[in-house]
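Everything below concerns the one structure shown next.
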Amino acid sequence: MQIPRLHPDTIEQVKERADIVDVVSEYVVLRKRGKDYQGLCPFHEEKTPSFTVSPGKQMFYCFGCQAGGNAIKFLMEVGKRAFGEVVLDLARRYQVPVQTLEPAQRQELQRQISQREQLYEILAVTTSFYQHALRQPQGNLALEYLKSERGLAEETIQSFQLGYAPSGWEILYKYLVEQKSFPVQLVEQAGLIVPRKSGGGYYDRFRDRLIIPIHDTQGRVIGFGGRTLTDEQPKYLNSPETELFDKGRTLFALDKAKDAIGKQDQAVVVEGYFDAIALHEAGINNVVASLGTALSLNQVKQLLRYTDSKRIILNFDADAAGTNAAERAIGEIANLAYQGEVQLRILNLPKGKDADEFVKSKTDGAAQYQELLDHAPLWLDWQIQQTLVNRDISQSDQFQQVAQQMVKLLSNIENAASQTQYLELCAKLLGKDDSRSVTLLIESLRKQLKKLNLPLQPKTNNQQQFIPVPAKTDRDLLKQAEILLLKIYIHCPQYREDILFALEDRDLLFSLQYHLVWQYFQELALKSPGIIYTSEEIISLLQDFSVKLPKNIANFIHLFHLDEKSQLEILKPHLVIRTAVASLERVKCELQRRYCLQKWRNLEKSAKDWVFYYQQFHQADRRIHELDLERYSSLESS
């Protein structure tokens, strides 16, 4: 359907209610950086995050490709969608009443919105129906299973709204369509009934099954999981994909776990419904389940919205299927893990037990489980250990296969220090801690890594020594920032202390071109403490000072008077100071970054300071991105 023209009031309300972090987090893994967030830009390929999101400004901006805007602009760009379509989706999401400029079209639009609300209502009524059926004689077997075999308390059964689907073919169909008068087409769209292949009519999708409702993050039922109580296959049956239920974007129990994930700053992902339910009952509430499918990138991004540390622990079953599921999940998010965008860990419980069995098999099962979570190995350590499973490395062919697999894993590590650390770990595993063998193996593995030509190799020491000089763009930025600060100092006396404090706080100096003027101002303040010179007095003194410097006067004579352009530039002095000081620090950090990069490239890996310069380079790089965001935010405010 063609989207009608939306009323300006609707558009404004959507802009006010739509949360930029909430929207962007569905597509980009964001990590908190001060008051803002940072991640890899979805609009161009990059390895170092340059994409920033400011919740205070409700804006996103990429310093790499210059894409920027609000939540609406982001969804338009990332999905190549029309403005009206995006606004309408956000209005539904944030429950904004929709008004259109054409009354005739408004009716159809409201019908669509009403249909979606009806689907929620149908699923809510169905949940109550299944809960009621669980307490009837025909649901006794299911209730006994929950209490005896699963050991669930009544409070847990009610909290998760567990129920039972009766064994008849049309019981739910008759209840919803004939008794409750819901349109049969909507009941089918909700995934609750299935059309018969012949003879017409419908039959219930879930029959004689224990029912586990699946909720969205707002706690609304969007689908169901049904576990058979007999030998019927499949053992678990989920709702089909519907307008409300997208299996690849949904995590079971996230509505109950999201607060605990935020408080504990980590999320635990288990394989089955009852693993999650059992852990919640045991007081471990930061747990979700993956709905029986491989954990998808979209599901991971959902979890990362709630944890600053980006720590996710996978606790899949320790059998072959569980191991394969863990491997598939790692494959989905390996790039994020290698880049440090997610801190992924793997927990395998002892003796092949699943989480449900483990917490119930011991008197202090919950405490022991939490202890194992706290010491779960990083995903890469786990994968390295997996290369040794069922392998006899005393056999030459198997030794080589394991070594090759290890090298392949290590080749994706971009951080040189981490790569060196894992090289030593792999050599110890292969050499069985024999010191002489380990030393030889480290060198052997390193050579194999070099053959892959993946890690950045440092250059030799015979290169010309690097001297940090600002690039032309940096010099321009430096000059502009210093001019603005001097203009404010001269023409806005009430902001002089702010400038002094800002520069001292960040340990910043002026460049040679304007250093003499700034030094003169500082000497003037020392000679006449407590005296606040007016703008006219400062200009007069500066003119006298400039006479002594005939060669330099051209550099700062333009500071004496403000033209119309200059008046506009310093219209908001506090914001200009903030932007200019951030620009000065940015140039300083850029020099540091370039210097450390060149030093690092000129050193051999064995050199004492090799890792130090690598770390200093990345620290400077991160600070530059923070300063760019600070400058951008100030400019947006001006």
Subject >> Pair list, Cβ < 9 Å and 6+ apart or interchain, from segment 335-356 residues that are over 20 Å from R150 (Cβ atoms) and in contact (Cβ under 8 Å) with a residue 24 or more places away in the chain to residues that are of a type in the set (S, T, Y) and part of a helix (DSSP H, G or I) >> reply: L347/Y369; N348/T323
**OP:** Taking T48 as the residue in question, decide whether it is within 20 Å of A620 (Cα to Cα), of a type in the set (S, T, Y) and in contact with a strand residue (DSSP E or B) (Cβ under 8 Å, 6 or more places away or on another chain).
**Re:** no
**OP:** Please state which of the following conditions D476 fails to meet, knowing it meets all the rest: (1) closer than 30 Å to N286 by Cβ; (2) at pLDDT below 90; (3) not in a loop (DSSP other than H, G, I, E, B).
**Re:** (1)
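Okay, residues lined up against (1) of a type in the set (A, V, I, L, M, F, W, C); (2) modelled with pLDDT of 75 or more; (3) outside any helix (DSSP H, G or I):
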residue	(1), (2), (3)
Y533	no, yes, yes
I538	yes, yes, no
L541	yes, yes, no
S546	no, no, no
K551	no, no, yes
H558	no, no, no
L562	yes, no, yes
K565	no, no, no
H574	no, yes, no
**OP:** Say whether the condition of being in contact with a helix residue (DSSP H, G or I) (Cβ under 6 Å, 6 or more places away or on another chain), part of a strand (DSSP E or B), modelled with pLDDT of 95 or more and over 15 Å from S290 (Cα atoms) is met by at least one residue in segment 221-228.
**Re:** yes
**OP:** Answer yes or no: is there a residue in segment 229-245 that is within 25 Å of L372 (Cβ to Cβ) and among the aromatic types (F, W, Y).
**Re:** no
**OP:** Would you mind stating whether V268 is buried (at least 20 other Cβ atoms within 10 Å of the Cβ) and either within 16 Å of the chain's Cα centre (by Cα) or closer than 30 Å to K32 by Cα (or both)?
**Re:** yes
Original post:
Could you say whether any residue in segment 119-135 is part of a helix (DSSP H, G or I), farther than 18 Å from F206 by Cβ and at pLDDT 95 or above?
Top reply: no
**OP:** Would you check which residues across segment 60-90 are within 18 Å of R631 (Cβ to Cβ) and out of contact with any Asp or Glu (no Cβ under 8 Å at 6 or more places or on another chain) and list them?
**Re:** F60, Y61, C62, C65, Q66, G68
**OP:** State which residue is surrounded by the fewest Cβ atoms within 10 Å (Cβ to Cβ) when the search covers only segment 207-223 and only residues that are closer than 23 Å to Q115 by Cα, touching a strand residue (DSSP E or B) at 6+ places or on another chain (Cβ under 9 Å) and free of Cβ contacts under 8 Å to residues at least 60 places away in the same chain.
**Re:** D216
**OP:** Pick out the one residue from E332, E414, E424 that is surrounded by fewer than 19 Cβ atoms within 10 Å (Cβ to Cβ), out of contact with any His (no Cβ under 7 Å at 6 or more places or on another chain) and modelled with pLDDT of 85 or more.
**Re:** E424
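The values are calculated or read from the model by the stated rules, or taken from the named source; none is laboratory data. Because the structure is predicted, anything quoted here is derived from the model rather than measured. Backbone-built Cβ (ideal geometry, glycine too); neighbour counts: all protein chains shown.
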